[in-house]
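Okay, so here's the structure we're looking at.
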Amino acid sequence: MHIPRKRFGQHFLRDQAIIQRIVTVLAPKSGEHLVEIGPGQGALTIPVLRLVKQLEAVELDRDLIPELQERSVKAGQLNIYSADALEFDFGSIQKDSRRLRLFGNLPYNISTPLIFHLLGFAGIIEDMLFMLQKEVAERLVAIPDSEHYGRLSVMVQYYCKAELLFDVPPQAFHPPPQVQSSILRLVPYQRPPYPADDYVLFEEIVKHAFGQRRKTLRNSLKSIVSDEVWESMPIRSDRRPENLSVKDFVEMANAVAQIKK
Ligand code: SAH
């Protein structure tokens, strides 16, 4: 018997109806390049594998791997990488023109850095379906002028269309987590709809702007945007970050990049 490990964020899915619902929205088809993050004891792995017969997975806890490998044999061909998904080079497993379809019931303690890591592979990802802490999922899908809108919303929505599909209560897991969970779909754009000319600068501006949420842009961006630059800016300096769209942030970054040239 495996004792769930807290440090690996292990909350295993138990509720068959929820598992079925996740598999249904994932809608895996044979021939697709599916990759699961954190398969654990295979709650999602086995039903998906039964449908598509071939699957890859990245699992950090080595102790779980032999049993999962054994249990998968009847369902199909499961290729498990014993690795940390935060460091994993997802580019290295793309063998052909098929883009990756990622899914998983993510360890909540690493979900935000993991999503940032995955955004670096947006170009080779078809879509992502993740179980997340509800509060994080709400931030990822938040729109301007709403409570949860912030840096995470802007950075993720720069790359992806983000959609909250449904909530999952703690009782669906063993052991139950302290928080509510949600299933979220992220679909990377082939090309960002509002591309930043200088991505690093865009990142900096978003970070600084939300670093001091209640302040006006003129105040929070003092170290990046001078008073002179504000004069030729498409965005007014007395606005606050939570009222700006991804497009507004990109326009601002592009205007600064233009002046810097
Ligand atoms: N998918 C399973 C397990 C979810 S729990 C289920 O739904 O029941 C989260 C899983 O992610 C565990 O198996 C845990 O060992 C694994 N994990 C934790 N940190 C990880 C990391 N950095 N990289 C890959 N897997 C990780």
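Looking only at residues of segment 58-80 that are touching a strand residue (DSSP E or B) at 6+ places or on another chain (Cβ under 7 Å) and either acidic (Asp, Glu) or surrounded by fewer than 18 Cβ atoms within 10 Å (Cβ to Cβ) (or both), we find that the one that is nearest to Phe130 (Cα to Cα) is Glu59. Just to be sure, is Val187 under 14 Å from the mean Cα position of the chain (by Cα), within 25 Å of Val48 (Cβ to Cβ) and open to solvent by 40 Å² or more (accessible area, probe 1.4 Å)? Considered against the rule, which asks whether it is under 14 Å from the mean Cα position of the chain (by Cα), within 25 Å of Val48 (Cβ to Cβ) and open to solvent by 40 Å² or more (accessible area, probe 1.4 Å), Val187 comes out as yes.
Does segment 90-110 hold any residues that are more than 10 Å from the ligand (Cβ to nearest atom) and not in a strand (DSSP E or B), and which are they?
Phe90, Gly91, Ser92, Ile93, Gln94, Lys95, Asp96, Ser97, Arg98, Arg99
When Glu87, Glu56, Glu36, Glu70 are checked against the criterion of being acidic (Asp, Glu) and away from the ligand (no atom under 13 Å from the Cβ), Glu70 stands alone in meeting it.
For segment 143-172, filtered to residues that are open to solvent by 10 Å² or more (accessible area, probe 1.4 Å) and of a type in the set (A, V, I, L, M, F, W, C), the residue that is farthest from His11 (Cα to Cα) is Ile143. Residue pairs whose Cβ atoms lie under 9 Å apart, sitting 6 or more positions apart in sequence or on different chains, and linking a residue in segment 7-32 that is within 13 Å of the ligand (Cβ to nearest atom) to a partner that is of a type in the set (Phe, Trp, Tyr) and at pLDDT below 95, are Gly9/Tyr108; His11/Tyr108.
Is segment 219-240 home to any residue that is under 22 Å from Gly120 (Cβ atoms) and not in a loop (DSSP other than H, G, I, E, B)? So far as segment 219-240 goes, no, none of its residues is under 22 Å from Gly120 (Cβ atoms) and not in a loop (DSSP other than H, G, I, E, B).
Every residue, every condition in (1) over 25 Å from Asp84 (Cβ atoms); (2) surrounded by fewer than 16 Cβ atoms within 10 Å (Cβ to Cβ), yes or no:
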| residue | (1), (2) |
| --- | --- |
| Arg5 | no, yes |
| Arg14 | yes, yes |
| Leu26 | no, no |
| Ser30 | yes, yes |
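Within segment 37-81, the set of residues being in a helix (DSSP H, G or I) and β-branched (Val, Ile, Thr) comprises Thr45, Ile46, Val48, Val52, Ile65.
The values are calculated or read from the model by the stated rules, or taken from the named source; none is laboratory data. Owing to the predicted nature of the structure, the values given are computational and were not obtained by experimental measurement. Note: ideal-geometry Cβ built from the backbone for every residue, glycine included; neighbour counts use all protein chains shown. Note: areas computed on protein heavy atoms with side chains; ligands, DNA, RNA excluded. Shrake-Rupley method; radii C 1.70, N 1.55, O 1.52, S 1.80 Å.
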